[in-house]
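Asks: Sharing a structure here in structure tokens format.
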Amino acid sequence: MSGHAARWLLLPATVVLCALVPSAGQAKGGNAGAAMAPQATAGADHACIVRGATGPTIAWSHLHNPVLSYRDAAVKDQAQIWAGGRWHMLFSYVTNDTTVPGQESWDIATAESTDLRHWSAPVPWSEQPGGMASPDIVRSPSGMFVSTYDSPPGESGPLQAKLYYRTSSDLVHWSAPHPLAPNLYPSPDDRLIDPALAWTGNGLILAYKVGTTSMPQTFEIAWSRTGSLNGPWVVVGRPTIQQYGDTFENYELLVVGGRWHLVATSNTLDQPWIYTLPGDPKDPSSWLQWVDGRHLQVPSEAWNTGAGISSVGFEHANSAFLCVDTADGYDYLTYAGSQELSQFGGWGHAAIGVARSRDLVHWSVPPG
């Protein structure tokens, strides 16, 4: 959840994405879930395409941005995964259109699509007091799907946001909420948002942002030596990477070309960036060092361009989520955008778009 011209490529019209994740056994939690969620190897838990009979086909020439939008809701902070023959997208679902900050309503919802063009109606999660936002989606080594998020959103209530997770074997039925690393910052005054996980073969890494907008906000790393979501958790430290004199948020940890990477949004200007982890991922302290930072330059369109500058007057490419596919040579980036930041409590009537690239440098948007 956020705080407040690119080169074009001529690409083939239709892309078939091949499965990235080799099956390594069956998941626990029922036959349907086992069929969708084979065990994941280290790093493969973040592959956005789960192995199945066939991968998705994207008719690129038939798409147009935004690919997901609703007349009566703003959607952002999305994460998606292909499993069971369809895309499953999780996102912050903001309703009650108002210009009064704090009067909007926050939830997490899911939608499904076979082609990124036609989506099912949004299905909100079971309610959590105060609302919730900023979901991420990964798989545990057992193959169980894990969504991390924060609750409650915003900073206007008596309690600041903490980290949570829910699990699912089929991406349809989700568990009750479980606190994530509650021992790290137990005070009600401490705010933690945007959690992201990475199983490394030596425990479990957790990335998150700590702090409120009235004080310095910081990117932080914690570690569960046991590899369990229940910990025990310890703080490793705070990566020093910055852009525009500020920190990052909306974290995604994933493997690209055999190396762990970080995709994150700059806290200032809400721009997507990607970094490389140069060290050994099994060493928890290595997650404090990131190199080769690069701005993901998403082309501007009318739906994500407005008056002023990005993050102040409109949203250009906020909360980016990267889906890599080394089999067909394309990488896909979804992101949130809006023409203004006045509706829905000042968060804007956000929608979700998609861009693609062969090299993570030059990006194109759908021709439609």
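Asks: Determine which member of the set Arg294, Arg259, Arg225 is at pLDDT below 95, over 24 Å from Gly345 (Cα atoms), among the charged types (D, E, K, R) and out of contact with any Asp or Glu (no Cβ under 7 Å at 6 or more places or on another chain).
Replies: Values: Arg294 fails: at pLDDT below 95; Arg225 fails: at pLDDT below 95.
Selected residue: Arg259, the only one of Arg294, Arg259, Arg225 that is at pLDDT below 95, over 24 Å from Gly345 (Cα atoms), among the charged types (D, E, K, R) and out of contact with any Asp or Glu (no Cβ under 7 Å at 6 or more places or on another chain).
Asks: Taking strands (runs of 3 or more DSSP E) that fall entirely within region 217-322, which contain at least 2 residues that are among the hydroxyl-bearing types (Ser, Thr, Tyr) and open to solvent by less than 10 Å² (accessible area, probe 1.4 Å)? Give the derivation first.
Replies: Working: elements: 218-224, 233-237, 248-256, 259-266, 272-276, 291-295.
Those strands (runs of 3 or more DSSP E) span 259-266.
Asks: Here's something else I'd like to know. Could you give me the residue pairs with C-beta distances under 8 Å whose first residue belongs to region 259-270 and is under 19 Å from Ala79 (Cα atoms), whose second residue is open to solvent by 20 Å² or more (accessible area, probe 1.4 Å) and charged (D, E, K, R) wherever it lies, and which are 6+ apart or on separate chains?
Replies: Ser266/Asp246; Asn267/Asp246
Asks: Can you find a residue in region 88-111 that is open to solvent by 10 Å² or more (accessible area, probe 1.4 Å), of a type in the set (A, V, I, L, M, F, W, C) and closer than 24 Å to Val365 by Cβ?
Replies: The answer is no; no qualifying residue exists.
Asks: Also, I was wondering about something else. Out of contact with any Gly (no Cβ under 9 Å at 6 or more places or on another chain) and over 27 Å from Gly227 (Cα atoms): does that describe Trp119? Before the answer, list the steps.
Replies: Values: out of contact with any Gly (no Cβ under 9 Å at 6 or more places or on another chain): yes; over 27 Å from Gly227 (Cα atoms): yes.
So Trp119 fits the description; yes.
Asks: Among Ser92, Ser105, which is the only one that is small (Gly, Ala, Ser) and over 14 Å from the mean Cα position of the chain (by Cα)? Even if it seems obvious, please write down each step before you answer.
Replies: Numbers: Ser92 fails: over 14 Å from the mean Cα position of the chain (by Cα).
Within the list Ser92, Ser105, the selection yields Ser105.
Asks: Considering (1) in contact with a Phe, Trp or Tyr (Cβ under 8 Å, 6 or more places away or on another chain); (2) open to solvent by 30 Å² or more (accessible area, probe 1.4 Å); (3) hydrophobic (A, V, I, L, M, F, W, C), say which one Leu204 fails and leave the rest.
Replies: (2)
Asks: Need pairs with beta-carbon distance below 7 Å; first residue farther than 15 Å from Arg225 by Cβ and within region 282-294, second aromatic (Phe, Trp, Tyr) and open to solvent by less than 60 Å² (accessible area, probe 1.4 Å); sequence gap 6+ or separate chains.
Replies: Within 7 Å, the pairs are Trp290/Tyr275; Val291/Tyr275; Asp292/Tyr275; Gly293/Trp273; Gly293/Tyr275; Arg294/Trp273.
Asks: If Pro188 passes every condition in (1) part of a strand (DSSP E or B); (2) touching a Leu at 6+ places or on another chain (Cβ under 6 Å); (3) under 23 Å from Asp107 (Cβ atoms) but one, which one does it miss?
Replies: (1)
The values are calculated or read from the model by the stated rules, or taken from the named source; none is laboratory data. Since this is a predicted model, take the numbers as computed values, not measurements. All Cβ positions, glycine included, derive from the backbone under ideal geometry; neighbour counts span all protein chains shown. Ligands, DNA and RNA are excluded from the accessible area calculation, which covers all protein heavy atoms including side chains. Shrake-Rupley method; radii C 1.70, N 1.55, O 1.52, S 1.80 Å.
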